[in-house]
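Q: Pasting a structure here, questions to come.
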Amino acid sequence: MAAPLRIQSDWAQALRKDEGEAWLSCHPPGKPTLYGTLTCQGIGQDGIPEVTASEGFIVNEINKKSLHISCPKENASSKFLAPFTTFPRIHAKSVTCLDISSGGGLGVSSSTDGSMKIWQASNGELRRVLEGHVFDVNCCRFFPSGLVVLSGGMDAQLKIWSAEDASCVVTFKGHKGGEREVGTESKMLLLAREDKKLQCLGLQSRQPVFLFIGSDAFNCCTFLSGFVLLAGTQDGNIYQLDVRSPRVPVQVMHRSGAPVLSLLSFRDGFIASQGDGSCFIVQQDLDYVIELTGADCDPVYKVATWEKQIYTCCRDGLVRRYQLCDL
């Protein structure tokens, strides 16, 4: 991957003031970091700031919520996207997982405050509180119907809930961890494991399809297609594998040593989030990366999408919603 660009987390607010400034940097692998500054020269009649960059950086395009910057020396380019909406009151502490229903109307999330809640995706308004787990809830996800939620907690219980009345329909007890995330595609089940193993099983046969050993514990995984998958590790590697020839990765992507916490297939590419607060979109038909900003070095634990909207949850306790125009 190209050298990653970084920007001040609240750049959208900082650059809406006359002579307001925001820092940015470029991190080429094996080379010294390049630092720069963005400066607001005034606000146009359309409400969009006029911004200039210091030496070594170029402002390609700016809108109210997005900023496209390049660093020609390192052939690096990123489009930074500020949150369209922020929901600060869903949980009292860090939000560790979230998902959006298939219809886009509801969100479900869990927190280190021990709570799991269903809320209105448009405004964060609370709809249901799902109570029944002992200790923290590690993961939560809507079924395709959007009417049922699956959750797993530190109490070694898997629970199935009704999103309509918050009742717990089924509880599975006695599961012992090891898998940090599960992905499915067609007739395959993918397990991201903490013992550095990425395991693929046949859904019906339960027989091994392949076993891949990575550089560190696997935190997340997702299928990009029927044969191609991604898996992220604790030491910052993103492995792209083809199940037809899984012994050697198609490629290994590495932007930083921060843990890769979430991977999600998106259009003809993917979205990834890491423990250093970065969250980015890679698209095959774009020569730049889209960076979802706002988290100030706090881990972004999970990403969910619905149409052109992207939701993230973070250690800072915020759920952020981003609005994408046509890429």
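Q: Among 117/302; 117/173; 159/196; 64/308; 79/308, which pairs are too far apart, with a Cα-Cα distance over 24 Å? Walk me through the intermediate numbers first.
A: Values: 117/302 15 Å; 117/173 21 Å; 159/196 27 Å; 64/308 17 Å; 79/308 16 Å.
Table pairs above 24 Å Cα-Cα are 159/196.
Q: Could you run the Karplus curve 6.51 cos²θ - 1.76 cosθ + 1.60 with θ = phi - 60° over the stretch 84-100 and give me ³J(HN,Hα) per residue in whole Hz, x for Gly and Pro?
A: Values, residue by residue: 7, 8, 10, 10, x, 10, 5, 10, 8, 10, 3, 9, 9, 7, 7, 8, 10 Hz.
Q: Rank 273, 145, 110 by mean-square fluctuation in a GNM of the chain with C-alpha springs under 10 angstrom and give only the top-ranked residue.
A: So, out of 273, 145, 110, the one fluctuating most is 145.
Q: Hey, another quick one. How large is the Kirkwood hydrodynamic radius of the stretch 183-327, counting all unique pairs of alpha carbons, in Å? Spell out each step's value before the answer.
A: Values: mean 1/r = 0.0642 Å⁻¹.
Result for the stretch 183-327 stands at 15.6 Å.
Q: Here's something else I'd like to know. Using the basic label-point model (7 angstrom from Cα toward the beta carbon), what is the residue 50 to residue 217 distance in nanometres?
A: So the two model labels end up 5.2 nm from each other.
Q: Same structure, new question: Keeping all protein chains in place, calculate the accessible area per residue for the stretch 20-179 (probe 1.4 angstrom), answer in Å².
A: Details: 8180 Å² over 160 residues.
Each residue of the stretch 20-179 exposes 51 Å² on average to a 1.4 Å probe.
Q: Relative contact order of the stretch 204-319, please, whole-number percent, based on alpha carbon pairs below 8 angstrom and at least 6 residues apart.
A: 16
Q: Bin width 5 Å, origin at 0, all Cα-Cα pairs of the stretch 246-298: what percent of pairs per bin?
A: Whole-percent P(r) values from 0 Å outward: 5, 18, 25, 26, 17, 7, 2, 1.
Q: To continue, here is another question. So which residue, out of 130, 191, 147, gets the largest mean-square fluctuation from a GNM of the chain using Cα contacts under 10 Å as springs?
A: Residue with maximal mean-square fluctuation among 130, 191, 147: 147.
Q: Assigning unit charges at the beta carbon (Lys, Arg +1; Asp, Glu -1) and nothing else, what dipole magnitude in debye, to the nearest 20, does the stretch 46-120 show about its Cα centre?
A: Dipole about the Cα centre, nearest 20: 320 debye.
Q: For the stretch 230-241, take each phi angle, set θ = phi - 60°, evaluate the Karplus expression 6.51 cos²θ - 1.76 cosθ + 1.60, and give the result in whole Hz per residue in order, putting x for glycine and proline.
A: So the Karplus estimates, Gly and Pro as x, are 10, 8, x, 10, 5, 9, x, 8, 10, 8, 9, 10 Hz.
Q: Local charge sum around residue 215 (other residues, Cβ-Cβ under 11 Å, Lys/Arg +1, Asp/Glu -1)?
A: On the way: positive: 196; negative: 216, 235.
Around residue 215, the surrounding residues sum to -1.
Q: 5 Å is the cut-off here: which amide hydrogens, built 1.01 Å from N in the peptide plane, fall below it relative to residue 301, excluding neighbours closer than 5 in sequence?
A: Hits under the 5 Å cutoff: 313, 314, 315.
Q: For every helix of n ≥ 4 consecutive DSSP H residues, a contribution of -39,500 (n - 2.57) applies; sum these over the chain, divide by its total residues, and give [θ] at 222 nm rounded to the nearest 500 deg cm²/dmol.
A: Here the helix-only value at 222 nm equals 0 deg cm²/dmol.
Q: Estimate the FRET efficiency between residue 287 and residue 10 by the formula 1/(1 + (r/R0)^6), using the beta-carbon distance for r and 35 Å for R0, to the nearest 0.05.
A: Numbers: r = 27 Å, r/R0 = 0.77.
Using R0 = 35 Å, I get an efficiency of 0.85.
Q: Here's a follow-up. Can you pull the percent of the stretch 19-74's accessible area that's carbon plus sulfur, 1.4 Å probe, other chains left in place?
A: With neighbouring chains kept in place, the figure for the stretch 19-74 is 49 percent.
Q: Working out 0.36 nm times the residue gap between residue 187 and residue 256, then minus their Cα-Cα distance, what length gain in nm do you get to one decimal? Can you show the working numbers first?
A: Working: separation 69, 0.36 × 69 = 24.84 nm, distance 3.33 nm.
Fully extending the segment from residue 187 to residue 256 adds 21.5 nm.
Q: Separate question: Just need the relative contact order of the chain here, percent rounded to a whole number, with Cα pairs under 8 Å and 6+ apart.
A: RCO, the chain: 13 percent.
Q: In whole Hz and in residue order, list the ³J(HN,Hα) couplings for the stretch 60-69 that follow from phi through the Karplus curve 6.51 cos²θ - 1.76 cosθ + 1.60, θ = phi - 60°; x for Gly and Pro.
A: Result, rounded to whole Hz: 7, 6, 9, 10, 5, 10, 9, 8, 9, 10.
Q: Amide H of residue 219 versus every other amide H placed in the peptide plane: which residues, excluding those fewer than 5 positions away on the same chain, fall under 5 Å?
A: 232, 233, 234
Q: What area, in nm² and to one decimal, does the C-alpha convex hull of the chain cast on average over all directions?
A: 17.2
Q: Just tell me the longest site-free run in the chain, where the sites are GluC sites (Glu not before Pro) in a DSSP loop having at most 13 other beta-carbon atoms within 10 Å.
A: Looking at the chain, 165-306 is the longest stretch - no exposed GluC sites (Glu not before Pro) with at most 13 other Cβ atoms within 10 Å.
The values are calculated or read from the model by the stated rules, or taken from the named source; none is laboratory data. As the structure is a prediction and not an experimental result, all values here were calculated from the model. Quick reminder, even Gly has a Cβ in these numbers, built from the backbone with ideal geometry, and neighbours come from all protein chains shown. The protein model used for the area step is the full one, side chains on, heavy atoms only, and it has no ligands, DNA or RNA in it. Shrake-Rupley method; radii C 1.70, N 1.55, O 1.52, S 1.80 Å.
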